[in-house]
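The structure appears below as structure tokens.
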Amino acid sequence: MASIAVIMLTVDWRYGLVVLGAIPVLILIIRTYSVLLRRALRTVRTHEGDLLGLAQEVLGSIQLVQAYSRESHEDRRFAAVASKIFEAGRDANALQAQYSPAMTFAVAAATALIAWYGAIHVIDGRITAGEMLVFLAYFRSLTAPTRRIAKTSRTVGRASVAIERIAEYLAEAPSVIEAPNAATPSRCEGRVDFESVGFGYRPGPNVLKDISFSLRPGKTVALVGPTGAGKSTIAGLISRFQDPVLGRVLLDGRDLRGLRLGFVRRQVALVLQQPVIFHARVWENICYGLEGANRDDAIRAARDVGIDEIIRRLPGGYDCLISERGHTLSGGQRQCISLARAMLSDAPIVILDEPSSSLDSVTEQRLLEAVRRLTADRTSLVIAHRLKTVRDADEILVLDHGRIVQRGRHAQLVREAGLYAALCAGLDAHGEGQGAVTALQRSA
């Protein structure tokens with residue numbers, strides 16, 4: 001392009017400026033339509049993402065939708081988002097339909113102006129007819145890319161919007177960053193210490209304030225307290241899903257922030273209140289706890305934790321194919337798989353988030369026995385709402401508004417006037433039930 005400009009300006013600088021002066025006008029048209037089209041396509045992509053998210057949410061909760069006869073409501077929600085996609089797509093198509101004709105008209109108008117001005121120069125004898133044709137040919141060469149851009153504008157626009165989305169994901173910074181010189185110890189005993197830990201989600205106040213306690217191998221510490229007291233946040237700090245704002249969390253005397261993330265998380269086995277179950281066979285779900293494990297390892301772990309008989313009663317036993325999210329299993333069966341998975345991982349630290357919640361008494365008793373096998377000789381932290389889960393704990397920490405307000409064993413805390421005694425007072429006639437949770441929340 002630079003060489004063409006030099007040649008035109010050398011032949012006749014006035015005529016050359018007229019030809020080159022048309023190029024910025026064409027670039028302005030390209031830029032204007034490109035920005036508008038990209039904005040329209042970005043809106044289409046956003047609504048498409050909303051529609052896919054809505055479909056996934058509804059299909060994942062289809063039983064709830066059917067239970068409340070909300071099919072028509074969900075149809076209307078789906079139609080509303082789909083109509084937004086249609087309208088945004090229509091706007092994008094209208095812009096593209098205008099883009100190519102606008103560019104064609106601009107090129108034709110510029111060509112006519114250049115030819116008219118050149119004809120005047122030919123008549124005046126400033127240039128020859130051949131030179132005018134050369135100028136027109138050069139102008140055509142200069143505008144050829146703009147015409148191609150106009151024809152491929154939608155494809156280029158969609159690609160640029162996709163690149164923007166990818167760039168947004170790549171620009172996301174993890175909330176927990178591994179130190180460049182992070183260490184990987186050769187072994188882990190499982191000693192965990194919280195030293196004056198404070199934590200808060202920014203922006204906002206701290207949800208944990210001055211938390212100090214210790215976890216030791218072979219000992220079980222239970223966390224109790226009302227909803228929002230900070231129990232799950234403490235568990236997340238041990239697995240280093242978050243870092244404390246104040247204080248330190250130590251593993252075997254070393255700050256977690258100075259250790260490799262992979263090492264830290266391999267030392268912690270999680271048993272959640274709602275276990276994560278994949279669409280795979282039972283033994284494959286158990287093997288998720290240890291990379292490279294096989295079917296025999298999964299069976300051995302289930303036997304060690306004492307739930308082999310429960311799994312074998314499933315259709316197909318260990319080869320039973322589980323539906324997505326484990327919908328074909330009962331709550332107790334899902335917990336059995338989660339406990340076996342934690343046992344297979346052989347992590348020295350075990351975190352249990354109310355493993356026996358919402359289970360019948362028989363299943364609960366079997367699972368509590370499995371929990372005892374799992375936590376034997378391991379460092380254990382139990383988040384609990386039911387007394388059966390915490391009565392035998394070596395230490396109970398009572399949290400309220402992000403602080404430890406009581407600590408001790410069950411018998412000691414029952415005698416004290418405080419939050420834990422209020423929990424016990426709220427128990428029903430059988431010594432268990434939702435009354436405990438209600439009492440905690442009322443006394444908070």
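The values are calculated or read from the model by the stated rules, or taken from the named source; none is laboratory data. Since the structure is predicted, the reported quantities are computational estimates derived from the model, not experimental observations. Quick reminder, even Gly has a Cβ in these numbers, built from the backbone with ideal geometry, and neighbours come from all protein chains shown.
Numbers below:
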| quantity | calculated |
| --- | --- |
| Leading residue by the ranking (farthest from the chain's Cα centre (by Cα)) among those in region 228-262 that are more than 24 Å from R407 (Cα to Cα) and either part of a helix (DSSP H, G or I) or not assigned by TED's automatic domain parsing to the domain that holds V382 (or both) | G258 |
| Matching option when the condition is touching a residue at least 24 places away in the same chain (Cβ under 8 Å) and either touching a helix residue (DSSP H, G or I) at 6+ places or on another chain (Cβ under 6 Å) or on the phi > 0 side of the Ramachandran plot (or both), among F194, F139 | F139 |
| Conditions (1) at negative phi; (2) assigned to a helix (DSSP H, G or I); (3) outside the structural domain of R373 (by TED's automatic domain parsing); number of the one not met by R325 | (1) |
| Tally of residues being touching a Phe, Trp or Tyr at 6+ places or on another chain (Cβ under 9 Å) and surrounded by 14 or more Cβ atoms within 10 Å (Cβ to Cβ) across region 158-175 | 0 |
| Out of F78, F86, sole residue that is closer than 25 Å to R39 by Cα, exposed (fewer than 14 other Cβ atoms within 10 Å of the Cβ) and either in contact with a strand residue (DSSP E or B) (Cβ under 9 Å, 6 or more places away or on another chain) or not aliphatic (A, V, I, L, M) (or both) | F86 |
| Residue match in region 204-222 (condition: in contact with a Lys or Arg (Cβ under 7 Å, 6 or more places away or on another chain) and not assigned by TED's automatic domain parsing to the domain that holds G253) | no |
| Identity of the residue in region 166-216, farther than 18 Å from E395 by Cβ and among the basic types (K, R), that ends up modelled with the lowest pLDDT | R202 |
| Members of region 99-119 found to be in contact (Cβ under 8 Å) with a residue 12 or more places away in the chain and within 13 Å of T146 (Cβ to Cβ), listed by number | Y99, S100, A102, M103, T104, A106, V107, A110, T111 |
| Single residue of region 188-198 satisfying the filter (hydrophobic (A, V, I, L, M, F, W, C) and within 17 Å of G230 (Cα to Cα)) that is farthest from the chain's Cα centre (by Cα) | F194 |
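Yes or no, residue by residue, for (1) in contact (Cβ under 8 Å) with a residue 60 or more places away in the chain; (2) not in a loop (DSSP other than H, G, I, E, B):
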position	(1), (2)
I211	yes, yes
L270	yes, yes
I286	no, yes
A293	no, no
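Listed here are the residues, each with its yes/no results for (1) under 16 Å from L352 (Cβ atoms); (2) in contact (Cβ under 8 Å) with a residue 12 or more places away in the chain; (3) in contact with an Asp or Glu (Cβ under 7 Å, 6 or more places away or on another chain).
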position	(1), (2), (3)
L368	yes, yes, no
A376	yes, yes, no
T379	yes, yes, no
V390	yes, yes, no
A393	yes, yes, no
L397	yes, yes, no
D400	no, yes, no
R403	no, yes, yes
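Each row is one residue, and each column tells you yes or no for (1) surrounded by 15 or more Cβ atoms within 10 Å (Cβ to Cβ); (2) among the aromatic types (F, W, Y); (3) within 19 Å of the chain's Cα centre (by Cα); (4) in a strand (DSSP E or B).
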residue: I177; (1), (2), (3), (4): no, no, yes, no
residue: S186; (1), (2), (3), (4): no, no, no, no
residue: P203; (1), (2), (3), (4): no, no, no, no
residue: V207; (1), (2), (3), (4): yes, no, no, yes
residue: P226; (1), (2), (3), (4): yes, no, no, no
residue: V264; (1), (2), (3), (4): yes, no, no, no
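Results for (1) assigned by TED's automatic domain parsing to the domain that holds R126; (2) more than 26 Å from Q96 (Cβ to Cβ); (3) surrounded by fewer than 19 Cβ atoms within 10 Å (Cβ to Cβ), shown as yes or no for each residue.
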site: V6; (1), (2), (3): yes, yes, yes
site: T10; (1), (2), (3): yes, yes, yes
site: R14; (1), (2), (3): yes, yes, yes
site: L17; (1), (2), (3): yes, yes, yes
site: V25; (1), (2), (3): yes, no, yes
site: L28; (1), (2), (3): yes, no, yes
site: L37; (1), (2), (3): yes, no, no
site: T46; (1), (2), (3): yes, no, yes
site: G49; (1), (2), (3): yes, no, yes
